[in-house]
Amino acid sequence: MLPLNRLARCDHGDPRFVSALAAADLPVCGRDGHCYVLADGSGFGVIEGKGTDRLLRSVVVPAAQRGMGVGTQLVDLLIEQAARLGADRLWLLTTTAADFFHRRGWKAVPRDAAPLAIRASDQFTSLCPSSATLMLRELAR
């Protein structure tokens, strides 16, 4: 078994992941990207794309695990993993968690600042409303 501070690959259809997304009113979308779960199953997230700009999406912590630092740990590990995959910048769209990400070093940027690969994603074009906040995190590698 992996230590609790480790990520493991998971399937996009993992029932725990799908259930957590639905409970958080987040879209259950495609199978693009690398899906990860914290080793104890307490949080999930997807890193999508190729190259130096990647999209962080479907980050979710089940309600029973919130408020205990799980989200911070999950996002930190996903950032590390994105850097290992070759990303220099990580992008996300959110309608509800901008403050959470801002406190962790992400900055809100205008939607037109997103590179073409991010603007072409389903998250950007159809899954998130145009009112969603686009956020950027520069990665240290």
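The values are calculated or read from the model by the stated rules, or taken from the named source; none is laboratory data. Please read all numbers here as calculations on a predicted model, not as lab measurements. Please note: Cβ atoms are built from the backbone with ideal geometry, for glycine as well, and neighbour counts cover all protein chains shown. All accessible areas refer to the heavy atoms of the entire protein, side chains included, with ligands and DNA or RNA removed. Shrake-Rupley method; radii C 1.70, N 1.55, O 1.52, S 1.80 Å.
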Subset of the stretch 118-141 (residues that are open to solvent by 20 Å² or more (accessible area, probe 1.4 Å), in contact (Cβ under 8 Å) with a residue 12 or more places away in the chain and not hydrophobic (A, V, I, L, M, F, W, C)): 122, 129, 130, 131, 133, 137, 138, 141
Where residue 96 falls short, out of the listed (1) buried (at least 21 other Cβ atoms within 10 Å of the Cβ); (2) in a loop (DSSP other than H, G, I, E, B): (1)
Test: residue in the stretch 118-131 that is within 16 Å of the chain's Cα centre (by Cα), at pLDDT 95 or above and closer than 21 Å to residue 7 by Cα: no
Sole exception among (1) modelled with pLDDT of 90 or more; (2) open to solvent by less than 30 Å² (accessible area, probe 1.4 Å) for residue 49, by number: (2)
Sole exception among (1) of a type outside the set (Gly, Ala, Ser); (2) surrounded by 18 or more Cβ atoms within 10 Å (Cβ to Cβ); (3) more than 16 Å from residue 24 (Cα to Cα) for residue 59, by number: (3)
Residue in the stretch 66-89 that is crowded, with 22+ Cβ neighbours inside 10 Å, assigned to a strand (DSSP E or B) and within 14 Å of the chain's Cα centre (by Cα) present: no
Candidate set: the stretch 6-27, residues that are in contact (Cβ under 8 Å) with a residue 24 or more places away in the chain and part of a loop (DSSP other than H, G, I, E, B); chosen: the one nearest to residue 76 (Cα to Cα): 6
Members of the stretch 42-65 found to be among the polar types (S, T, N, Q) and assigned to a helix (DSSP H, G or I), listed by number: 65
Condition check for residue 109: touching a residue at least 12 places away in the same chain (Cβ under 8 Å) and surrounded by 15 or more Cβ atoms within 10 Å (Cβ to Cβ): no
